[in-house]
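Visitor: Take this structure, written in structure tokens, and hold onto it; I'll ask about it next.
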Amino acid sequence: MATPGPAPRPPVVQVQHVSKDYKLGDETVHALKDVSFQIDDGVFLAIAGPSGSGKSTMLNMIGCIDTPSSGKIVIDGTEVSGRTPDELADLRSRTISFVFQTFNLFPVLTAEENVEYPMLRRSDISKTERKERVAFFLNTVGLTKYAGHRPNQLSGGQRQRVAIARALATRPRIVLADEPTANLDYRTGESILSMMKAINRAFETTFVFSTHDQRVMGMADRLVRIEDGEITTLGVRVGKVWKYAKEKEVQIPTNDNELQQLLRDDPELRRMVMEDPELRRALLDDNSAPSIASKGN
Ligand SMILES: Nc1ncnc2c1ncn2[C@@H]1O[C@H](COP(=O)(O)OP(=O)(O)O)[C@@H](O)[C@H]1O
Ligand SMILES: [Mg+2]
């Protein structure tokens with residue numbers, strides 16, 4: 001008799017036919033239009049799209065900061081709509097953490113006090129446990145020596161590391177990061193992203209980050225591209241190979257021939273690869289890029 005494998009973990013977030021309208025005077029802005037996708041547990045997912053495409057709106061919905069005009073969001077098995085503000089705050093504080101573009105640290109608190117802060121509202125975390133977690137996560141982000149520094153005594157990259165330690169300290173299922181590298185120079189941003197990815201792998205924390213930087217999205221292993229409030233592409237990466245689809249059922253190509261076939265058949269994939277040197281490197285050996293270009297379209 002075959003032994004059953006481990007049960008597959010259910011998706012940690014399900015977004016089902018979500019629309020969001022904002023009223024601006026007489027006008028209605030359709031920030032999200034019938035968006036559906038799911039986030040598997042433990043992934044490193046990029047929400048990519050130009051400015052104004054709806055990335056922050058999407059993250060705010062997933063983070064229960066804002067609610068959809070229609071559609072359904074299920075977080076860790078709990079449907080979000082119909083919850084009271086208190087229930088939402090509770091779900092949020094146990095499940096979700098945020099990392100912001102502008103770091104959002106309290107200027108009067110030290111690095112360790114900033115990391116400790118979100119745990120203060122959690123009666124289930126003792127003072128000893130709190131102190132241990134602060135030390136552990138400041139060490140994780142390489143800032144033990146800076147524990148007593150205030151934000152204005154830290155560089156941008158260090159501030160974002162404090163924000164990441166703070167996000168992790170409550171041991172959330174999901175960390176939502178809205179353009180976490182946008183206020184950092186490219187090198188610093190890259191090292192922050194690499195660190196987030198290492199933490200994602202080590203702790204199996206799901207990371208969802210938004211970006212309009214093509215280079216940054218190349219580091220993800222899942223991609224949701226949105227334009228003008230609509231999903232234009234879903235991507236899954238296995239090893240060096242990305243497969244893009246609008247559908248949820250994504251076939252993973254298993255060899256180079258399949259990849260070449262995909263690039264021939266899929267103009268969207270070809271366009272994205274051509275636009276993005278980082279993706280080109282990830283998908284193809286550098287020197288094979290021109291042969292794709294010469295196929296034209
Ligand atoms: N609170 C709001 N009131 C009115 N319009 C908004 C509000 N928030 C976002 N929008 C509009 O919704 C659209 C998507 O915005 P946003 O989600 O911030 O995009 P992104 O994060 O990709 O730059 C934009 O047209 C923006 O102007
Ligand atoms: Mg935004």
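Visitor: Run through every distinct alpha carbon pair of the range 44-178 and return the Kirkwood hydrodynamic radius in angstroms, one decimal place.
Guide: After inverting the pairwise mean of 1/r, the radius is 15.9 Å.
Visitor: Output the peptides 224-232, 119-127 sorted from most to least packed, where packing is the average of other Cβ atoms within 10 Å over each peptide's residues.
Guide: Highest-to-lowest ranking by the protection proxy: 224-232, 119-127.
Visitor: Ok, one more. I'd like to compare 65-77, 91-103: which one has the highest average count of other Cβ atoms within 10 Å, and what's the full order after that?
Guide: So the order, starting with the most tightly packed, is 91-103, 65-77.
Visitor: State the dimensionless ratio Rg/Rh of the range 1-118 (Rg: radius of gyration of Cα atoms; Rh: Kirkwood radius).
Guide: 1.04
Visitor: Once you've got the Cα coordinates, tell me which of K131/K197; K33/K55; K20/K197 are over 20 Å apart.
Guide: Beyond 20 Å between Cα atoms: K131/K197; K20/K197.
Visitor: Cβ neighbours within 10 Å, averaged per peptide: list 182-193, 160-171, 45-56 in order, most packed at the top.
Guide: My ranking of the peptides, most packed first, is 160-171, 45-56, 182-193.
Visitor: Label K127 and R215 with points 7 Å out from Cα along Cα→Cβ: what is the distance between them in nm?
Guide: 4.7
All of the numbers you see were taken from the coordinates with simple rules; none came from a lab. In this text, all values refer to a predicted model and were calculated from it rather than measured experimentally. No Cβ is skipped: glycine too gets one built from the backbone with ideal geometry, and neighbour counts run over all protein chains shown.
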